[in-house]
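In what follows, a single structure is set out as structure tokens and then discussed.
The values are calculated or read from the model by the stated rules, or taken from the named source; none is laboratory data. Note that the structure is a prediction, hence the values are computed from the model and not measured. Note that each Cβ is placed from the backbone with ideal geometry, even for glycine, and that neighbours are counted across all protein chains shown.
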């Protein structure tokens, strides 16, 4: 489906955790879709594509006249990083030019080695201010993602930084820890697994080292799977007696009622979180934001909170 859009409107960038979800997001009105590649995506196994699925998704998105963004947003160790960088030419050969990264150092290296890529500083890079966005522009980022906690007035200030695309995550979970920068490295399951072969590895000898996946949200060199301990109940004991049970603060942010204000402030891209959402929930979510962006004014119905079923699980 080819959908014509006004160039004056911000881009709607939707998540997809499968090749089917890519098609669903396009049909629901996404201008662009972002996906993760198995082993290199912070979204984890619930929302990653194999190499063949990535290639098929790129063909589907290109035939619709839209863009596919690839999230390579883990922080691999040096040996895994070398393996990842060897795959980048094959990514470019697929026609993918937009890559999302989660680390300033890797962004700088990619910019130097692959100048044709359009690199996005992921929300995990922590950009929230004029100075942050200017920094990422100066090290070579094409775009920077800011969280939905940044208001339209702040976006207007950030847009004073020229030469970089400003994306805002308008549908997301605001976590207790800085999103993508977990400070609880002891609460991870240290069980590394071998990265699967991809189209870029077709000529690699059998048994060749393919690296270990860096999944979850821990960013301090550990490998394994995040237990999301920040989202589990914590119990308070006094002298051996349990006195309370609490959850760390974690709320869903859905700025659907503010899309017009953000557009007036100059935001370039509205990004939705949730590659692990099933397609029956992804489609209405994307349509809801599509309608809000296209509408002359924000309908009263959009003032209400989005359904609880649309709460983001994973990234």
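Among the residues that make up the stretch 172-183, is at least one of them touching a helix residue (DSSP H, G or I) at 6+ places or on another chain (Cβ under 6 Å), part of a loop (DSSP other than H, G, I, E, B), within 17 Å of residue 70 (Cβ to Cβ) and at pLDDT 95 or above? Looking for residues that are touching a helix residue (DSSP H, G or I) at 6+ places or on another chain (Cβ under 6 Å), part of a loop (DSSP other than H, G, I, E, B), within 17 Å of residue 70 (Cβ to Cβ) and at pLDDT 95 or above, one finds none in the stretch 172-183, hence no. One residue stands out among those in the stretch 81-97 that are outside any helix (DSSP H, G or I) and surrounded by fewer than 23 Cβ atoms within 10 Å (Cβ to Cβ): the one that is nearest to the chain's Cα centre (by Cα), which is 97. Selection of the stretch 65-80 for residues being surrounded by fewer than 18 Cβ atoms within 10 Å (Cβ to Cβ) and either touching a residue at least 24 places away in the same chain (Cβ under 8 Å) or in contact with a helix residue (DSSP H, G or I) (Cβ under 8 Å, 6 or more places away or on another chain) (or both) yields 65, 77, 79.
Listed here are the strands (runs of 3 or more DSSP E) enclosed by the stretch 98-163 that have at least 1 residues being closer than 21 Å to residue 262 by Cα, within 14 Å of the chain's Cα centre (by Cα) and modelled with pLDDT of 95 or more: 118-121, 143-147.
What do you reckon, is residue 36 at pLDDT below 95 and in a loop (DSSP other than H, G, I, E, B)? Spelling it out, it is not the case that residue 36 is at pLDDT below 95 and in a loop (DSSP other than H, G, I, E, B). Within the stretch 222-260, the set of residues being part of a loop (DSSP other than H, G, I, E, B) and modelled with pLDDT of 85 or more comprises 239, 240, 255. The combined condition, being modelled with pLDDT of 70 or more, out of contact with any strand residue (DSSP E or B) (no Cβ under 9 Å at 6 or more places or on another chain), surrounded by fewer than 22 Cβ atoms within 10 Å (Cβ to Cβ) and not in a loop (DSSP other than H, G, I, E, B), is not fulfilled by residue 46. For the stretch 100-122, the set of residues classified as closer than 18 Å to residue 37 by Cβ and crowded, with 23+ Cβ neighbours inside 10 Å consists of 100, 101, 102, 107, 119, 120, 122, listed by residue number.
Sort out which residues of the stretch 261-273 are in a loop (DSSP other than H, G, I, E, B), buried (at least 23 other Cβ atoms within 10 Å of the Cβ) and in contact with a helix residue (DSSP H, G or I) (Cβ under 7 Å, 6 or more places away or on another chain), and write them in order of number.
Across the stretch 261-273, the qualifying residue is only 267.
All conditions in (1) modelled with pLDDT under 95; (2) crowded, with 24+ Cβ neighbours inside 10 Å; (3) within 26 Å of residue 105 (Cα to Cα); (4) touching a strand residue (DSSP E or B) at 6+ places or on another chain (Cβ under 8 Å) hold for residue 17, with the sole exception of (3).
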